[in-house]
């Protein structure tokens, strides 16, 4: 039997007592329990249908399976418990959870989430959010029959939440209204469906350490691969220095870097644990290649480098992306192999990789809501591809150097785009996208007074 929540939208009055009780009872940051509210009448900011949601304590929680530090446990009643004393603050669980349940608290540097008030339930007392609800809209239950109780607008994530929704019927004609209601004129015409996307520059600023980490590993892997092709047993100090720098940079985004050692505790189910393990192994290989040349065969070194690159890609492809391509020119694996092809014969190999990269860039750009920094990177990447060929074939030292500069810059730009295409799943965005699609499918008609107008608010 699993314990989970029952939410009755017909009884909810949007008072947010459940959210306040969660904060006050457990000392958690705001947003641990979120109230989504929208309406089905042209009554701006008057919510008619609501959804109160915290952690859904899923049957197979993605947060727990993906956690490299083994900071999650599952109780006998199905409650998914996060242990702050084990958490290193990597935030990987926030990437994997589609319900936006785990949230990083920047002050202590670790994850916080609903734990179903297990200290209260152990004594036979309902969770704080349930007891605080004045209308009885929020309750708990113990059952294994949670499936089949979701309306059409509730996203199918492939993960089974311990949640039952009542009286949350699908809206007939949803039209999203922002909280300030500035996008709706007096006739109710919708001028903007969704808020602006997060600024790409801000995203890169936040994740710069991860970008730098992957670039350093890619460069070290390229050098290791070239040494293998040349049967060079003396790896040199450069690959090791690059890997050492990558290891240092990799901990800079952690909330609790002193717990970095926990990153390798879950190699069976966590792609992040496997990535860290392979990067540590590659660092050791480059160290031995420098100190004891020939101890490790060049081919073995190249295979370790290749596996490290694949492990980096698997970390990001474990979550959703804005554009899901099996072969992405910004992948660490592709980037490294493409770079190696520059130095090998026949030249046709390099030409083929260049064509694949060009197709990937075109597909991603055509399917992207690019703007700002992202658009600049796309255009630069697109221009770098033909520029490389134009500079290569005169065959003089100056143009060769320029070609190499543009080639490397293009690869870095593609890697940056890879990060910008990354889109962790989020229930708020999923619901908004569903409503937008349903609205667009109706031809963007202006709603009549009796039509459905939807609003989502945190």
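Let me spell it out: the conditions are (1) touching a helix residue (DSSP H, G or I) at 6+ places or on another chain (Cβ under 6 Å); (2) modelled with pLDDT of 95 or more, and residue 241 meets all of them except one. Which number is the exception?
Exception for residue 241: condition (1).
Show me the strands (runs of 3 or more DSSP E) entirely contained within segment 62-137 in which 1 or more residues are within 21 Å of residue 18 (Cα to Cα). Lay out the reasoning, then the answer.
Working: elements: 72-74, 80-82, 103-105, 110-112.
Here the list reads 80-82, 103-105, 110-112.
Please verify whether residue 110 is crowded, with 17+ Cβ neighbours inside 10 Å and either without any contact (Cβ under 8 Å) to a residue 24 or more places away in the chain or within 27 Å of residue 1 (Cβ to Cβ) (or both), treating the condition exactly as stated. Before you say what the answer is, go through the steps one by one.
Details: crowded, with 17+ Cβ neighbours inside 10 Å: yes; either without any contact (Cβ under 8 Å) to a residue 24 or more places away in the chain or within 27 Å of residue 1 (Cβ to Cβ) (or both): no.
No: the conditions fail for residue 110.
Identify all residues within segment 311-362 that are crowded, with 20+ Cβ neighbours inside 10 Å, within 24 Å of the chain's Cα centre (by Cα), at pLDDT 85 or above and closer than 21 Å to residue 246 by Cβ; write none if there are none.
Selection gives 311, 312, 313, 315, 330, 331, 332, 333, 334, 335, 336.
For the subset of segment 260-292 comprising residues that are outside any helix (DSSP H, G or I) and surrounded by fewer than 19 Cβ atoms within 10 Å (Cβ to Cβ), which member is nearest to the chain's Cα centre (by Cα)?
Narrowing segment 260-292 to residues outside any helix (DSSP H, G or I): 265-270, 292.
From what's left, surrounded by fewer than 19 Cβ atoms within 10 Å (Cβ to Cβ): 265, 267-269, 292.
Details: 265: 21, 267: 19, 268: 20, 269: 17, 292: 40 Å.
Looking at residues that are outside any helix (DSSP H, G or I) and surrounded by fewer than 19 Cβ atoms within 10 Å (Cβ to Cβ), I get 269.
Which residue, of 214, 203, is modelled with pLDDT of 90 or more and either part of a helix (DSSP H, G or I) or within 15 Å of residue 313 (Cα to Cα) (or both)? Full working, then the answer.
Values: 203 fails: modelled with pLDDT of 90 or more.
Just a single option satisfies the conditions, and that option is 214.
Among what's in segment 84-107 and is without any contact (Cβ under 8 Å) to a residue 40 or more places away in the chain and touching a strand residue (DSSP E or B) at 6+ places or on another chain (Cβ under 7 Å), pick the residue that is nearest to residue 53 (Cα to Cα). Reasoning before the result, please.
Start the filter on segment 84-107 by keeping residues that are without any contact (Cβ under 8 Å) to a residue 40 or more places away in the chain, which leaves 84-85, 93, 107.
With touching a strand residue (DSSP E or B) at 6+ places or on another chain (Cβ under 7 Å) added as a condition, the list becomes 84, 93.
Details: 84: 21, 93: 17 Å.
Here the answer is 93.
Identify all residues within segment 293-306 that are surrounded by 15 or more Cβ atoms within 10 Å (Cβ to Cβ), in contact with a helix residue (DSSP H, G or I) (Cβ under 8 Å, 6 or more places away or on another chain) and in a helix (DSSP H, G or I); write none if there are none.
298, 301, 302, 304, 305, 306
The values are calculated or read from the model by the stated rules, or taken from the named source; none is laboratory data. Quantities reported herein were computed from a predicted structural model and do not represent experimental measurements. Every residue, glycine among them, receives a Cβ derived from its backbone with ideal geometry; neighbour counts consider all protein chains shown.
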